[in-house]
1. I want the antiparallel fraction of DSSP beta bridges within the range 121-361, as a percent rounded to 5.
2. For each pair in Lys311/Lys373; Lys311/Lys395; Lys373/Lys418; Lys373/Lys395; Lys124/Lys366, compute the distance between the two Cα atoms and list the pairs where it is over 20 Å.
3. On average over all directions, what projected area in square nanometres does the range 142-284 have, based on the convex hull of its Cα atoms?
4. Can you sort Phe3, Phe354 from fewest to most other Cβ atoms within 10 Å of each residue's own Cβ?
5. Compute and list, largest first, the equivalent-ellipsoid semi-axes of the range 238-296 from the alpha carbon gyration tensor, each √(5λ) rounded to a whole angstrom.
6. Put +1 on the Cβ of each Lys and Arg and -1 on the Cβ of each Asp and Glu in the chain; which of Val48, Met313, Tyr151 then has its Cα farthest toward the positive end of the dipole?
7. What does DSSP give for the range 216-353 in terms of the percent of beta bridges that are antiparallel, rounded to the nearest 5?
8. Using 1/(1 + (r/R0)^6) with R0 = 45 angstrom and r between the beta carbons of Asp411 and Ser339, what's the FRET efficiency to the nearest 0.05?
Amino acid sequence: MWFSIDKHASVPMFRQVFDALQGAVLAGQLHAGSKLPSTRELAEQLNVSRNVILEAYELLLAEGYITGRSGSGTFVAEGACLAGYTSAAPDGEPPAAPAALKSSELAGISFRTGLPALDLFPMKQWGSILQSVCMNSSSSELAYGDPSGNYELRSLLAKHLRRIRGVISKPEHIVITSGAVQALQLIVRLLLQSGDTVFAEEPSNEDLKNILTSTGAKLHEIPVDDWGLQSQKLPVGMSPTCIYATPSHQFPLGGILPIQRRIELVEYARRCGSYILEDDYDSEFRYDGAPLHSLQSLCPEQVIYIGTFSKIMFPSLRIGYMIVPESLVEPCRQLKKLSDYQTPSIEQLALIRFMTKGYLNAHILKMKKLYKKRREHLVVALNDQLSVEFRVMGKAAGLHLVVEFVYPLPDDFGNRLKEEEVYAVILPYNRLLLGYGHLDEQQIDEGVRRIGRALRG
Ligand SMILES: Cc1ncc(COP(=O)(O)O)c(C=O)c1O
């Protein structure tokens, strides 16, 4: 035989025999009708047990590569050669997964946005709830559930959002999704077709902008200033199908949309018959007062409200939701069903307990204090360590802020940041986007020191 067996490889030995013979048959190196050695002979040649060869031959037989005639041997089957076939199997061992980045490592400092302080999430509480949900779940809870999500979770959410954000909703109007991203994807698939127009704030999250145009709609951008979307710049004579906005905490510049602009936006949407997609991704974290009322509370029939547990819990949980007007309830439910049937039940059940035990509110309160301190620390560090003129944009909220420099940034600023092993997004108009929620004070100090060095060159 032209191949050998690696007894120490992670790929089982029968699979190595199978792969070698299958590849040779597909590539036409073993022709239809050729006789294969008996299992005993091959086991001797390869110095492996006969069971290894028997198992490989059984699989080759089951998949139709070989035929067996009792008494006369094993033959390559007809029609199993694929023209132009080259083995897709990679050589050797699969590469090891890259080591996860520890947030405590100072080597590289990432001011990436949207990451909460994951090391402070009460994993013991969450873990014991998850365990108990798994041990006690009934058959009906493990079977297919309602595509809109667990009804009890939706009732809790409706109450929670009414209390903290003034959101007007019934559980029937809520669809639980796999994060805000999926909520937006479902809405886009449902409402936006090629030739439609969608408005979005400029600047806004690039990934989300790509979702908005993913079904062929044309994007029209509305500029943003320190207070958010400039409603006076909503164009006359255009009729967008949807207007995407982040009124509670503009992403990324941080403005909070004043009531006058909210009213202007709602009236514009009413005139045009457009839906406003209100992305309320981090509004629980506002540091100089209680969370604001949602835009949805002004006009629930025109607004699709999108929320997420990614920032108040952790992003890999992948639980978000949307609250839709009556006419969209059933289409959204159907579309969620066609997409992935439902968001996993066990996590939804655990979330119900996490909320009813008061753990979620306690965690939000604790994190709010921490993020407020981290933000203040970052602003002090910027003032202490940057020798150039700048201002901090946006309101005291969320997990990120934007620094706007008075003078142009050096041309090679991006490379200098790389050399300093600092990750931060440079925005147009000499602005730097800094996510701080996941960084402790020591990391913030070190990161700002490096930004200072990168600015000095
Ligand atoms: C503005 C904005 N909305 C939504 C999301 C995504 O949320 P999710 O993790 O729930 O999909 C992000 C991600 O950071 C974001 O920046």
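1. On the way: 10 of 27 bridges.
Counting DSSP beta bridges with both partners in the range 121-361, the antiparallel share is about 35 percent.
2. On the way: Lys311/Lys373 17 Å; Lys311/Lys395 18 Å; Lys373/Lys418 27 Å; Lys373/Lys395 14 Å; Lys124/Lys366 16 Å.
Check vs 20 Å cut-off fails for Lys373/Lys418.
3. Values: hull surface 37.0 nm².
Result: 9.2 nm².
4. Details: Phe3 12, Phe354 22.
Ordered by Cβ neighbours within 10 Å, fewest first: Phe3, Phe354.
5. Working: eigenvalues 102, 26, 16 Å².
Value: 23, 11, 9 Å, ordered largest first.
6. Among Val48, Met313, Tyr151, the one farthest towards the positive end of the dipole of the chain is Tyr151.
7. Values: 6 of 14 bridges.
Given both bridge residues lie in the range 216-353, the antiparallel proportion sits at roughly 45 percent.
8. Details: r = 45 Å, r/R0 = 0.99.
Using R0 = 45 Å, I get an efficiency of 0.50.
Values quoted throughout were computed directly from the atomic coordinates according to the rules given, and no laboratory measurement underlies them. Since we're looking at a predicted model, the values are computed, not measured. Don't worry about glycine lacking a Cβ; one is built from the backbone with ideal geometry, like all the others, and counts go over all protein chains shown.
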